[in-house]
1. Can you tell me the FRET efficiency between Tyr243 and Asn128 if r is taken as the Cβ-Cβ distance and R0 is 30 Å, rounded to the nearest 0.05?
2. Residues with beta-carbon under 10 Å from that of Met184, excluding Met184: net charge, scoring Lys, Arg +1 and Asp, Glu -1?
3. Per-residue counts of other Cβ atoms within 10 Å, averaged by peptide: what ranking do you get for 198-208, 9-19, 78-88, 227-237, highest first?
4. Return the calculated 222 nm mean residue ellipticity for the chain, to the nearest 500 deg cm²/dmol, obtained by summing -39500 (n - 2.57) across DSSP H runs with n ≥ 4 and dividing by the residue count.
5. So what is the relative contact order for the stretch 134-200, in percent, with contacts set as C-alpha pairs under 8 Å and at least six apart?
6. Translational diffusion coefficient, Stokes-Einstein: compute it for the chain using the Kirkwood radius over C-alpha pairs as Rh, at 20 °C and 1.002 mPa s, and state it as an integer in µm² s⁻¹.
7. Listed here are the pairs Lys74/Lys170; Lys63/Lys170; Lys74/Lys119; Lys170/Lys191; Lys63/Lys119; which of them are more than 20 Å apart at the Cα?
8. To the nearest 20 debye, what charge dipole does the stretch 3-256 have about its Cα centre, counting +1 at the Cβ of each Lys and Arg and -1 at the Cβ of each Asp and Glu?
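Read-outs: derived from the displayed coordinates by stated rules, not from any lab. All values reported here derive from a predicted model rather than from experimental measurement. Cβ coordinates were reconstructed from backbone atoms using ideal geometry, including for glycine residues, and neighbour counts include every protein chain displayed.
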Amino acid sequence: MNLFQAIILAIIEGLTEFLPVSSTGHMIIGSSIMGIQSNEFVKLFTVAIQLGAILSVIVLYFKHFFQSVGFYFKLLVAFLPAVFFGLLLSDKIDQLLESPLGVAIALLIGGIILLFVDKWFKDGTIDNPNDISYNTALKIGLFQCISMIPGTSRSAATIVGGMSQRLTRKAAAEFSFFLAVPTMFGATSKKLYDFYKNGFEISSEQVNLLIIGNIVAFIVAMLAIKYFITFLQTQGFRIFGWYRIIVGGIILILLLSGYDLHVI
């Protein structure tokens, strides 16, 4: 993976991580088009650049992280199901990651759901994510576990979960952003631990790619989050549903055409 490819992947990460469109699906298309061959560093890179995206949430919502201790406990409650099921099903998840077909199907199903989610949950009354109960936080955390199926989208799963618990679109999206911080930090930490545990080393050139990738992901994610919230309040999820269906369809067409797609 060269510098240009690293920057493109970081842009894809920053754009798609917090939108309900599946960053995994976009990574499949992007990496395959650029001819990036999967290896341990590439796998590490695609996870580690999430740290830049995490930082964008902390910067944009700085005040929220210092409002109350209860806020952290609610995030913890919402985060615990992912820890439990992530450890329990880690081998199965790794198997699913080897299936671009599964990603395409998840994109299509999720897209169909997003076409109707605004009608299903249009009566949200909780407009501040800090006002949710611990029970609601746990339920949203359980919804997040659905995103362990590659192609589902962590953002989509948690936002739909929040709206099903009477959060407004804005509040559901913001809580999804907040929940991403411990979830993505945990995933990145585990990936780094596994990388070094298995005896792999990072060269100085690869360190530079990680630094640049995180900077790019940070900048792009900040812009994506700001414009996503504004767009969501006025337009809803329908356009994201159609977009997911198109991306899933593209992956299916490429697979049926014999194109060599791979999940990195």
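1. 0.60
2. So the environment of Met184 carries a net charge of 0.
3. By packing density, highest mean first, the sequence is 9-19, 78-88, 227-237, 198-208.
4. Here the helix-only value at 222 nm equals -25000 deg cm²/dmol.
5. Numbers: 43 pairs, mean separation 14.0, N = 67.
So the answer I get is 21 percent.
6. 115 µm²/s
7. Working: Lys74/Lys170 18 Å; Lys63/Lys170 17 Å; Lys74/Lys119 27 Å; Lys170/Lys191 31 Å; Lys63/Lys119 32 Å.
With Cα atoms farther than 20 Å apart: Lys74/Lys119; Lys170/Lys191; Lys63/Lys119.
8. 640 debye
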